[in-house]
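Engineer: Before I ask anything, here is the structure I am working with.
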Amino acid sequence: MVGRLVRVAARLRKRGGGSAVPGLVVNSIAPGFLSATLNGFRDGLVIVTGSSGKSTTTKMLVAVLEAHGMRVFTNPSTANIAQGITSALIERVSLVGTIDADIAVLEMDEGHGALIAQRLEPTTVVLTNVMTDQIDRFENSEKVLAMLGTIASRASARVVTNGDDAMLEEFAATLTSVTIDRFGVSKRVLAANPRGLGYARQSGSRIVAGTVVAAVDGASAVIDVLGSSLTVTLPSRGAHYAVDAAAALSASVGIVGARFDAATAAAAISAMRPVFGRGEVVEVRGRRVEFVLVQNPASFQLNVDQLPAGLDQVLVAMGSDVRDPSYLWPVDLSGLTRVTTVSGSKAYEIALQLEYQDVVIDRIQPDLGIAIDDFLALPDPSVGVKTVIFSADCMRRIRTHLGLAQ
């Protein structure tokens, strides 16, 4: 009740904001609430964590489980730390502390997840990958792996891991008391992505058993699971989204068990809309706009490589979450050719990188509100749709400015 009152007060104070405040308050006055509630689901707790792909993998997994008749509690992708998860629970929990769902599937930040892992009892943990990510928090890949290991070590039934990620494979070899399920890509898919898939260390061998992405063509993928080849429509273009689908399918097989139906799973994923900002195409002020979130060098490269050639209206926005702009310098942005507007608090830094890579810049406007308003006011592009590439900070600010759901 206290949490719900705080939620109302926070939203009255700032419309659309204050989502973490109820969780902060409840975690302070009832520190056992989070773990007691999450550990109380009949069919267990599933945690999805890793450097990248958590949000999309979680949403895909939820879609597949619901398609098989399971009632699922999950958290919004923006609520993947302790207070955000608690706030999400407050939205659904009854006054006696229960939630009308069979299973919980949670996206969890690797750092915050490691801090609360000892209080949780997950049945399944899904590990997406280890990447160079958020250097102000995770200064090296070994630190990330240690945090993921802390979370995965709590799994009681299975760990679903990326067989193409050498660091995760080495860790998986140390787990002897749980089932290890693997997902990955075929040699054909890897060859079609000569820059790789961004893992800190790529495995030198292909997985011999598990869920495998056999082929990818834009937003369509063929995924081999349980002896069936499933054709799946992805929420956006690229092999990285196909890998997310493979992770979700691999986890689903273990969770659903004998009731798992491949056709039902493929249909559920194919019907899924993108997680906001991850290749999401929406209509804003009468214009079709694609939003592309980039959170680390790997996701930046993978997403830029998948953009249609010749786009003539692109806005690139980098914000305060990019603490050290040199972090992104390994990314080859030359494929953009031309950028209409560069914006955000790190506008000049990302503009310098674009300039060095021979990308033509029409305008630099650090003020995000002005930049997006002017960008949307331009006539429709001659190629593709208006495309906004942004970091997480700019994503939140732009969506708030445009009145889009967070």
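Each value in this text was obtained by applying a stated rule to the coordinates, not by laboratory testing. Predicted model only: the values in this text are computed from it and were never measured. Using ideal geometry, Cβ is built from the backbone for each residue, glycine included, and neighbour counts are taken over all protein chains shown.
Engineer: So if I take the centroid of the Cα atoms in the stretch 83-113 and the same for the stretch 342-406, what is the distance between those two points in Å?
Structural biologist: 34 Å
Engineer: Classify the stretch 278-402 as rounded, prolate or oblate, taking a ≥ b ≥ c as the square roots of the eigenvalues of its Cα gyration tensor: rounded when a/c is under 1.5, otherwise prolate if a/b is larger than b/c and oblate if not.
Structural biologist: Taking the square roots of the gyration eigenvalues as a ≥ b ≥ c, the stretch 278-402 is rounded.
Engineer: Sort 341-349, 262-270 by the packing proxy (mean of other Cβ within 10 Å over each peptide's residues), most packed first.
Structural biologist: 341-349, 262-270
Engineer: How big is Rg to Rh over the chain, alpha-carbon atoms, Rh as the Kirkwood inverse-mean-distance radius?
Structural biologist: With Rh from the inverse mean 1/r over Cα pairs, Rg/Rh is 0.96.
Engineer: Ranking request for peptides 115-123, 178-186: highest mean number of other beta-carbon atoms within 10 Å first, then the rest in descending order.
Structural biologist: 178-186, 115-123
Engineer: Of the listed peptides 149-156, 213-220, what is their order by residue-averaged count of other C-beta atoms within 10 Å, with the highest listed first?
Structural biologist: 149-156, 213-220
Engineer: What's the whole-number percent of alpha carbon pairs in the stretch 220-351 lying beyond 23 angstrom?
Structural biologist: Across the stretch 220-351, Cα pairs with separations above 23 Å total 45 percent.
Engineer: May I pose another question? Can you give the extra length, in nm with one decimal, that the chain gains between Q357 and D312 once fully stretched, where that is 0.36 nm per residue apart less the Cα-Cα distance?
Structural biologist: Value of the extension gain: 14.5 nm.
Engineer: While we're here: Can you tell me the FRET efficiency between E142 and R119 if r is taken as the Cβ-Cβ distance and R0 is 25 Å, rounded to the nearest 0.05?
Structural biologist: 0.55
Engineer: Can you pull out the trypsin sites (Lys or Arg not before Pro) in the stretch 235-310 whose DSSP state is coil and whose Cβ has at most 14 other Cβ atoms within 10 Å?
Structural biologist: Taking the stretch 235-310 and a limit of 14 other Cβ atoms within 10 Å, the loop trypsin sites (Lys or Arg not before Pro) found are R285.
Engineer: If you don't mind, there's one more thing I want to ask. Please give the direction-averaged projected area of the C-alpha convex hull for the stretch 28-173, in square nanometres with one decimal.
Structural biologist: 8.7 nm²
Engineer: Based on the Cβ-Cβ distance from V8 to D100, what FRET efficiency comes out when R0 is 25 Å, to the nearest 0.05?
Structural biologist: So, using R0 = 25 Å, E works out to roughly 0.70.
Engineer: For V282, what is the net charge nearby, where nearby means another residue's Cβ is under 9 Å from its Cβ and Lys, Arg count +1, Asp, Glu -1?
Structural biologist: -2
Engineer: Separate question: With r defined as the distance between the Cβ atoms of R288 and I370 and R0 fixed at 25 Å, what FRET efficiency is calculated, to the nearest 0.05?
Structural biologist: In this case the efficiency is close to 0.75.
Engineer: OK, next. With helices defined as uninterrupted DSSP H runs, which ones in the chain have an alpha carbon span along their own long axis of at least 18 Å and mean Kyte-Doolittle hydropathy of at least 0.0?
Structural biologist: Result, helices passing both filters: 54-67, 239-256.
Engineer: So, one more: For every other residue with a beta carbon closer than 14 angstrom to the beta carbon of T123, add +1 if it is Lys or Arg and -1 if Asp or Glu, then tell me the sum.
Structural biologist: -1
Engineer: Multiply the residue gap between L402 and T176 by 0.36 nm, knock off their C-alpha separation, and tell me the result in nm, one decimal place.
Structural biologist: Answer, rounded to one decimal: 76.4 nm.
Engineer: Let me ask something additional. How much net charge surrounds G384 when only the other residues with a Cβ under 13 Å from the Cβ of G384 are counted, with Lys and Arg +1 and Asp and Glu -1?
Structural biologist: +2
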